[in-house]
Amino acid sequence: MSEDHRSQIAALDKALTVLEAFGPAAPDLRITEIAALTGMNRSSAQRIAHTLVRCGYLHRDEVSSALSLTYRSACIAHTFISTNHLIDLAMPALVDLSARTHLRADLWVMQGADIVNLARVPSAADSREMAPIGERLPALASAPGRAMLSHLPAEVQVERIAELAGISDPGLTPDEQAACERTLADATARGYVLEAGSSVNDLTTISAAVLDASGECLAAVSVSGWLGEVSEDDLASQFVQPVLATARALSNLRIQTWSRTVSRPAEGKDALAAPKEDEDDPLLIASVARGFRVLEAFTPANSVPTLTALHRLTGLPIATVQRIVDTLMARGYVEKDARHKTFRLTVKTLDMLFNFQMSNRIIKTVWPRLVQLRDDCGLRCSFCMSAEADIVHLLHVQSHPHADFHTAFIGERLPVLSTSGGLAILSTLDDDRLDAVIANSAPKAITPFTITDKSALRRIITTAREKGYAFTDQQSIMFEVNVAAPIVKADGQVLGAMVVSAPKRDWTVARLEDEIVPRLMAYTRSMFS
């Protein structure tokens, strides 16, 4: 397939445009709809969509031919989330802030005219509706955005407000711009922003800025919820002071913004399996497949590669990698550290994750029950789906942090045979299909406790089939025990598994079976029955 330099860049650009067309308002699209939304002709839209299906980013329904986003978008976002130093340090503080205030706690950064949510700890009230990370809000019209802007020097603040007013949608009138300046001046004096609901049933948000190692505004933390009628003194002591304390504590960490590399065992599965460039497939656009191969080369173990490293990881010529990276940078998915000549994924990758989560009907159904289960048992709860030889975590609701606190980042993939969620999903297979999966697997030790003997794994899965749930004891994550139950529709289709994770120092398998399993089973069995 011969394509010149410009057509390669254009094809990848068009593919990203197609992916961005999906979202909460358009969870399923057909070729004619994609063509209309993107301005492509039908033939181009068909070839781009076909290639994205081959690359694993779109799923085509066999009955309706409608296309929808897949978990692969979450895997791309996982690299950004799991290697972001700010998220890593802020998560325990957010969990504690949510526990103290009983409100949703959030971490935000600014991008363009918007603020983007990087981390979120939901409260019990958030089970009413789904609000995953990656949410975007206008910077000028949101409490976290105004909290960040209030830390700018006065002259810079005026210029920034005028800039944002010009690019925001809708733009601000001169009177609205002046009112915004007064609001920011008040926020600068108080050190926080309070956005009160117009009635006792409306959402109230309190936000404060987080400073980086150089003392400049890096992010904002916030709490949001329904406060009802609360006195001024109680508002200050119960909500404002915890937010300010959290912002100060994070600022005192002197956080650097560049991403970090996560150590992974040699047998870890960071890279996504790339489709072969089949010359017999006339619809496959090779330049698009190569573009996503480069995007997928950014992994937790290779989060800040050089151009040479991307060439080595993908096997593509350096000139080709350079053109692809330039396209990804132009679209905002990759940025360059000019000093070190390295690249990293940007917060824009969370748009993929947000659109996938907000458009996936299964995830939207599981979300409120996952929050309720977390509140019921007090432990971290997650939802995973099968992804070839792995499982991929697509939702998690964090528990209160312990001394050995860690989190399951969304988009993380783990071997199906080494996780409770994977074992629970495999337990729904009949003997022939199970034997085929085990025969084609090559279990490898992730921790000293990982079970790799195939006969033992088959016995464990058979037991899980009989009980309806599966356990792991430090098999995928040290110092953690897990229990999972599959989520199965009435027609027998397996949608995934709901997982409860607990610290080893406080919990045993026996205790999980006694205290958690009945609650877990109540949620999974009633979900799609």
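The values are calculated or read from the model by the stated rules, or taken from the named source; none is laboratory data. As the structure is a computational prediction, the values presented were derived from the model and not from experiment. Positions of Cβ are generated from backbone atoms using ideal geometry, with glycine treated the same way; all protein chains shown enter the neighbour counts.
Of Ser359, Ser418, Ser382, all but one fail to be surrounded by fewer than 23 Cβ atoms within 10 Å (Cβ to Cβ) and of a type outside the set (D, E, K, R); the exception is Ser359. Filtering Ser64, Ser44 for residues that are assigned to a loop (DSSP other than H, G, I, E, B) and not charged (D, E, K, R) leaves a single hit, Ser64. For region 165-182, filtered to residues that are crowded, with 16+ Cβ neighbours inside 10 Å, outside any loop (DSSP other than H, G, I, E, B) and under 32 Å from the mean Cα position of the chain (by Cα), the residue that is modelled with the lowest pLDDT is Ala165. Restricting to region 426-471, name every residue that is more than 28 Å from the chain's Cα centre (by Cα) and among the basic types (Lys, Arg). Correct list: Arg433, Lys454, Arg458, Arg459, Arg465, Lys467. Report the residue count in region 221-275 for those that are surrounded by 15 or more Cβ atoms within 10 Å (Cβ to Cβ), at pLDDT 65 or above and among the hydroxyl-bearing types (Ser, Thr, Tyr). Selection size over region 221-275: 4. For the residues Thr32, Thr51, the requirement of being modelled with pLDDT of 95 or more, surrounded by fewer than 20 Cβ atoms within 10 Å (Cβ to Cβ), in the same structural domain as Ala10 (by TED's automatic domain parsing) and part of a helix (DSSP H, G or I) singles out Thr32.
Specify the residue that is modelled with the lowest pLDDT; the eligible residues are those in region 371-415 that are in a loop (DSSP other than H, G, I, E, B), within 23 Å of Ser427 (Cβ to Cβ) and among the charged types (D, E, K, R). Before the answer, list the steps.
Start the filter on region 371-415 by keeping residues that are in a loop (DSSP other than H, G, I, E, B), which leaves 378-379, 388-389, 398-412.
Filter again for within 23 Å of Ser427 (Cβ to Cβ), leaving 379, 388-389, 408, 412.
Filter again for among the charged types (D, E, K, R), leaving 388, 412.
Working: Glu388: 83, Glu412: 90.
In this case the residue turns out to be Glu388.
Does at least one position in region 177-185 carry a residue that is over 30 Å from Glu412 (Cα atoms), touching a Cys at 6+ places or on another chain (Cβ under 6 Å) and not hydroxyl-bearing (Ser, Thr, Tyr)? No: region 177-185 contains no residue that is over 30 Å from Glu412 (Cα atoms), touching a Cys at 6+ places or on another chain (Cβ under 6 Å) and not hydroxyl-bearing (Ser, Thr, Tyr).
Filtered by the rule that a residue be part of a loop (DSSP other than H, G, I, E, B) and either without any contact (Cβ under 8 Å) to a residue 12 or more places away in the chain or crowded, with 24+ Cβ neighbours inside 10 Å (or both), region 477-491 gives a lone residue, Asp491. Counting residues in region 454-463 that are touching a Pro at 6+ places or on another chain (Cβ under 8 Å) and surrounded by fewer than 16 Cβ atoms within 10 Å (Cβ to Cβ) gives one or more. Filtering region 501-518 for residues that are surrounded by 14 or more Cβ atoms within 10 Å (Cβ to Cβ), among the polar types (S, T, N, Q) and assigned to a helix (DSSP H, G or I) leaves an empty set. In contact with a Leu (Cβ under 7 Å, 6 or more places away or on another chain) and modelled with pLDDT of 95 or more - does that describe any residue in region 75-91? Within region 75-91, none of the residues are in contact with a Leu (Cβ under 7 Å, 6 or more places away or on another chain) and modelled with pLDDT of 95 or more. Per the conditions (1) over 24 Å from Ala249 (Cβ atoms); (2) in a helix (DSSP H, G or I); (3) not assigned by TED's automatic domain parsing to the domain that holds Ile167, the sole criterion not satisfied by Ala125 is (3). Reported count of residues in region 408-432, each being within 27 Å of Leu350 (Cβ to Cβ) and among the acidic types (Asp, Glu), is 1.
For region 193-201, the count of residues that are crowded, with 17+ Cβ neighbours inside 10 Å and in contact with a Leu (Cβ under 6 Å, 6 or more places away or on another chain) is zero.
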